[in-house]
1. State whether the residues of region 293-303 include one that is outside any strand (DSSP E or B) and aliphatic (A, V, I, L, M).
2. When you go through (1) among the small types (Gly, Ala, Ser); (2) modelled with pLDDT of 95 or more; (3) farther than 23 Å from residue 256 by Cβ one by one for residue 305, which number turns out not to apply?
3. Hey, among the residues in region 59-83 that are touching a residue at least 60 places away in the same chain (Cβ under 8 Å) and surrounded by fewer than 18 Cβ atoms within 10 Å (Cβ to Cβ), which one's nearest to residue 148 (Cα to Cα)?
4. Condition test on residue 46, is it closer than 15 Å to residue 147 by Cβ and not acidic (Asp, Glu)?
5. Of (1) over 30 Å from residue 197 (Cα atoms); (2) out of contact with any Leu (no Cβ under 8 Å at 6 or more places or on another chain); (3) surrounded by 21 or more Cβ atoms within 10 Å (Cβ to Cβ), residue 18 satisfies all except one. Which?
6. For region 51-66, check the following and say yes or no: at least one residue is closer than 17 Å to residue 118 by Cβ and of a type in the set (Gly, Ala, Ser).
7. Scan region 274-284 residue by residue and report those that are surrounded by 12 or more Cβ atoms within 10 Å (Cβ to Cβ), of a type outside the set (A, V, I, L, M, F, W, C) and farther than 12 Å from residue 315 by Cα.
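The values are calculated or read from the model by the stated rules, or taken from the named source; none is laboratory data. Only a predicted model underlies this, so the values are computations on that prediction, with no experimental measurement involved. Using ideal geometry, Cβ is built from the backbone for each residue, glycine included, and neighbour counts are taken over all protein chains shown.
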Amino acid sequence: MDLKWIEPHKAAIKREFGIGRYPFQTLDNLKLLDELFAKAGPDSAATLNGGKLLDVGCGDGDFGFHMSQRGLEVDLIDFEETNQNKLVMARELSRRLAGTHSVISIDLDRGFAALDSFYNMAIAFGLLYHLKNPFLFLGDLAEMCSYAAISTRIVDSGNAPGAYLVDDQELGTDNTNYWLFNSEGLERLAMRCGWRVLSRVRFGDKKSADSGKHDAREALLLASKFSVLPGVRIRSGLHRTEYSSYRWTHPCFQLELAPGATQIELDYYLPSPWLEDHDLEVVCHGQALPCSKKTGKDGCSLIAGLPDNARQLEIRIRHAGIASEDQRPLGVVLRFDASNLPIRVR
């Protein structure tokens, strides 16, 4: 990978601030990402086009800044207390490099409360075994991103889904290492946190994996069960999940449809005071589509026929206002239940 575009900046920052640099080559992850996309299918790489990218555990930010140079809006996340140079390198690069990017320090073991954004995709390579609470991390990520690519070191320990708790000096005398999952355990973890596995790649030591000298790793390409549904994806406009499956939308949220869809069905909920005075419309190419609607205390539904080659839709909601205890911009409530998805296309 050609680093000529960024190396002079990094060398200058190192001299000016007298700091060390992240010791690993994060741009090599582009090859791993390409392999995951290739295994998932020929159209999967299109998921990187448009929307925001989240680079989690960014180090000095080479990967995130590279994607920003390619025209994406990127948020780069790391924890300055454990970062190689307290995020000085990444923050200085953010000031000096062209593109749309920001660098944010977050302790991921305390969750993503500091972020209020929705991302097309997250990249979190080589991070999971550094986290005390991988359930919290992957669960939060599934609510914030349509797709994610993750990798972690694994251990071979039979076919039952499992994990191994590492001693504080067991892996490279680095006490920020905690969990090694086996392959089945990593997939089970992703599924329990709200993800569907699209593809997987094993790399490093491909024959043996343990907590000693056999450093085997596995990468997964994931789709969020909360926003990537059969035939349709919610591109933007979702708030966080509440009570395990309910999510408020924004007053306007965007959908991306698979080719060939001719009809969309939407099930949603609203508090009783708002039911009588609300309106919801489906907009395609700036035009509202004819809809049939049903409103009731136990839920509402909408069906709209779609024009030929409809790929992008907006759902626009108007109602009585915002509840006094909740100052978020609110649209409707969607329930994400595997047995009854809130949005369906035919």
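1. Taking region 293-303 and keeping what is outside any strand (DSSP E or B), we get 295-299.
After this cut, where a residue has to be aliphatic (A, V, I, L, M) as well, the list is none.
Within region 293-303 (the criterion being outside any strand (DSSP E or B) and aliphatic (A, V, I, L, M)), the answer is no, since none of the residues qualifies.
2. Of the numbered conditions (1) among the small types (Gly, Ala, Ser); (2) modelled with pLDDT of 95 or more; (3) farther than 23 Å from residue 256 by Cβ, the odd one out for residue 305 is (3).
3. 69
4. Values: closer than 15 Å to residue 147 by Cβ: yes; not acidic (Asp, Glu): yes.
For residue 46, the condition - closer than 15 Å to residue 147 by Cβ and not acidic (Asp, Glu) - is met.
5. For residue 18, the exception is condition (3).
6. Taking region 51-66 and keeping what is closer than 17 Å to residue 118 by Cβ, we get 51-56.
Among the residues that remain, those that are also of a type in the set (Gly, Ala, Ser) are: 51.
Yes, there is a match, as at least one residue in region 51-66 is closer than 17 Å to residue 118 by Cβ and of a type in the set (Gly, Ala, Ser).
7. Matches in region 274-284: 278 only.
Rundown of residues vs (1) touching an Asp or Glu at 6+ places or on another chain (Cβ under 8 Å); (2) assigned by TED's automatic domain parsing to the domain that holds residue 150; (3) among the charged types (D, E, K, R); (4) closer than 18 Å to residue 128 by Cα, yes/no style:
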{"residue": "55", "(1), (2), (3), (4)": "yes, yes, yes, yes"}
{"residue": "58", "(1), (2), (3), (4)": "yes, yes, no, yes"}
{"residue": "65", "(1), (2), (3), (4)": "no, yes, no, no"}
{"residue": "70", "(1), (2), (3), (4)": "no, yes, yes, no"}
{"residue": "81", "(1), (2), (3), (4)": "yes, yes, yes, yes"}
